[in-house]
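A quick write-up on the structure given underneath.
Read the figures in this text as sums done on the coordinates, not as results from a lab. All values derive from a computational prediction rather than experimental measurement. FYI the Cβ positions are ideal-geometry reconstructions off the backbone, even for glycines, and counts take in every protein chain you see.
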Amino acid sequence: MFVNFSKILDFSSNKRAIPAFNTINLETTQGIIAGALKAQAPIIIQTSENVINYAGLSTIYNIIKTQIEDNSEDVAMTLHLDHGKSIEVVKKAIDIGYPSVHMDASAFPIEDNIKMTREACLYAHEKGAMCQGELGSILGKEGLIKMQQGEDINKIMTNPEQIEEFVAKTEIDTLAISIGNIHGFFVADNGLDLERLKKIHEKIKIPIVLHGGSGIPEDQIKEAIAGGIRIINIDTNLRIAFRDGLKESFNLNSDLIDPRKILQPAKEAISEKVIDMINQFTI
């Protein structure tokens, strides 16, 4: 069933984080929902700006919402905008019906980050939606390379001393943090900075979000959940599963021409990966 974002948060605890799975199309969405149904676990399905540009905002929103409403039975599911980089995109997502949005202004100085995020939050709350902010930079492979070349990772990690001001001034509902998590199938050489997470968790009461969950070892994931993480984002793991499912299709039968049969193993691979991640996110 399609639920408000606040309802999904009720299922999280220091024993379970809610997975937020990125989708790009119908088949990925179907695979995610099928996995959540098999696991009987609440989930978040989310889209990035890139996916909105690829599929169209109205198209991808309606695919996800309709699939949830028609197929999710009694399992709670909701929708979220991941890494909205501009207030315009965030507002459009809210207007079309996204129950939660991520205003990612983390690349800007903290004063600008606060200003932009607050504007997004006020607009979201006015429309009955929730808003996620981001403090600290969550980079991709280029961030890992910089760190391996000697750049001080502390410069991009979330500063616990800025947390209370950021949350109070922006009025965000959830907070994305940087503690060594990196987008893609990567993690900082020293792993997650769990001591930093502890300091952050001590200062705020709102749910904390961990991006870049695909590359983090399961033992660190479980420590992070015990330390205050309530939502974990997964994208790359699903992309790999989708790719491997397609390879299986053509390895078994290179003469396939029916797209439905070609894509079926990819959907099944995503479903199995979703179940795997749900299990990892439960202590």
Calculate the radius of gyration of the Cα atoms of the chain to one decimal place, then report Dmax, the largest Cα-Cα distance, as a whole number, both in Å. 18.3, 60
FRET efficiency (Ile283, Glu161; Cβ distance; R0 35 Å; to 0.05) is 0.75
With labels modelled as points extended 7 Å from the Cα through the Cβ direction, what inter-label distance (nm, one decimal) is found for Ala168 paired with Lys38? 4.8
Could you pull out every residue, at least 5 positions away or on a different chain, whose amide H is within less than 5 Å of the one on His83? Hs are placed 1.01 Å off N in the peptide plane, and Pro or chain starts have none. His102
Would you mind checking which residues have amide H under 5 Å from Ile177's amide H? H placed 1.01 Å from N; only 5 or more apart, or other chain. Val209, His211
When Tyr61, Tyr98 are ranked with the fewest other C-beta atoms within 10 Å first, the list becomes Tyr61, Tyr98
About its Cα centre, how strong a charge dipole does the chain have in debye, to the nearest 20, once Lys and Arg get +1 and Asp and Glu get -1 at the Cβ? 180
May I ask you to compute the full-extension gain from Glu73 to Ser13, defined as 0.36 nm times their residue separation minus their alpha-carbon distance, rounded to one decimal in nm? 19.3 nm
Gain in span if fully extended, Phe108 to Asp276, counting 0.36 nm per residue against the direct Cα distance: 56.9 nm
What FRET efficiency comes out for Asn25 versus Ile206 if R0 is 35 angstrom and r is the Cβ-Cβ distance? Round to the nearest 0.05. 0.65
Enumerate the lysines that Lys169 could reach by cross-link, defined here as Cα to Cα under 26 Å, with residues fewer than 8 away along the same chain left out. Lys7, Lys85, Lys91, Lys92, Lys115, Lys127, Lys155, Lys198, Lys199, Lys203, Lys205
For the chain, what's the relative contact order in percent, using C-alpha pairs closer than 8 Å and at least 6 residues apart? 22
Over segment 184-283, what portion of Cα pair distances is larger than 22 Å, expressed as a whole percent? 42
re segment 1-130: pairs of Cα atoms spaced beyond 25 Å account for a percent value of 24
So for R0 = 25 Å, FRET eff. of Met1-Thr59 from the Cβ-Cβ r, to 0.05, ends up at 0.65
